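Input: a single structure, listed below in structure tokens.
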């Protein structure tokens, strides 16, 4: 539908959030709205018809946060990922939550894992599903390697000091892409640089072993222990890590979730799913 001279253009409150709506009065007639690429437009004609249109020339990837089928993974679920959908929408990305075994996940342009598969007896089914998804983060080969308990032995062979099953106090380090995001646990929110260095060394070793760039890992959680020169890796979760939102204050959580959303945007560009992409049939 092309707006006529008698139409007026507005943005809906939900879709227009963060769109940067502006108007121009350089021409005669009603104001014309200029909107960003993520915005939905509401056209209200004089006859009272109201329509919401997406920019037809902009690609809007379908994003799914794939959760545990045993949970009610609707957008109102107050679990660990509460606020992620909102953070993604703030950047103009339309995301929804679905169980990983929902057939609609196979139609999504990007699936972000938020479950490690659920019941052990469904592990083979889950692994097969990861290979059928169009674009999965983290990638299927990463999931397969990290789901095997022998991954710690691999990292030890690659020079990363490990302490499998250590009962000592642990610190969780969360990374998005190649950068560190936040930490919580024994060392609090500001752990020593030696702990961060160990976490990044583990990520680098994992990426090299899997022949990918470290930036291709959307998220990671490294659990470390020790201090100074005696730091060791207890675990590395690259499948569907608990990102510890509940351990953060409200403002810090908001900033961290926005960092997550920025990394999703970068991943979309890397996968050829940016605004100028074409939807596949």
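The values are calculated or read from the model by the stated rules, or taken from the named source; none is laboratory data. None of these values were measured; they are calculated from a predicted model. Every residue, glycine as well, gets a Cβ built from its backbone with ideal geometry; the counts of neighbours run over all protein chains shown.
Among the residues that make up region 270-281, is at least one of them closer than 15 Å to residue 90 by Cβ and buried (at least 16 other Cβ atoms within 10 Å of the Cβ)?
no
I'm told residue 187 meets every condition in (1) in contact with a helix residue (DSSP H, G or I) (Cβ under 8 Å, 6 or more places away or on another chain); (2) modelled with pLDDT under 95; (3) within 25 Å of residue 209 (Cα to Cα) except one. Can you identify the failing condition by its number?
(3)
Report yes if residue 264 is under 17 Å from the mean Cα position of the chain (by Cα), surrounded by 18 or more Cβ atoms within 10 Å (Cβ to Cβ), over 20 Å from residue 199 (Cβ atoms) and modelled with pLDDT of 95 or more, otherwise no.
Spelling it out, residue 264 is indeed under 17 Å from the mean Cα position of the chain (by Cα), surrounded by 18 or more Cβ atoms within 10 Å (Cβ to Cβ), over 20 Å from residue 199 (Cβ atoms) and modelled with pLDDT of 95 or more.
So which residues in region 84-116 are buried (at least 16 other Cβ atoms within 10 Å of the Cβ) and more than 21 Å from residue 245 (Cβ to Cβ), if there are any at all?
92, 101, 102, 105, 108, 109
Is it the case that some residue within region 117-130 is in contact with a helix residue (DSSP H, G or I) (Cβ under 6 Å, 6 or more places away or on another chain) and surrounded by fewer than 19 Cβ atoms within 10 Å (Cβ to Cβ)?
No, the conditions are met nowhere in region 117-130.
Yes or no, residue by residue, for (1) part of a strand (DSSP E or B); (2) touching a strand residue (DSSP E or B) at 6+ places or on another chain (Cβ under 7 Å):
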{"residue": "88", "(1), (2)": "no, yes"}
{"residue": "98", "(1), (2)": "yes, yes"}
{"residue": "101", "(1), (2)": "no, no"}
{"residue": "104", "(1), (2)": "no, yes"}
{"residue": "112", "(1), (2)": "yes, yes"}
{"residue": "118", "(1), (2)": "no, no"}
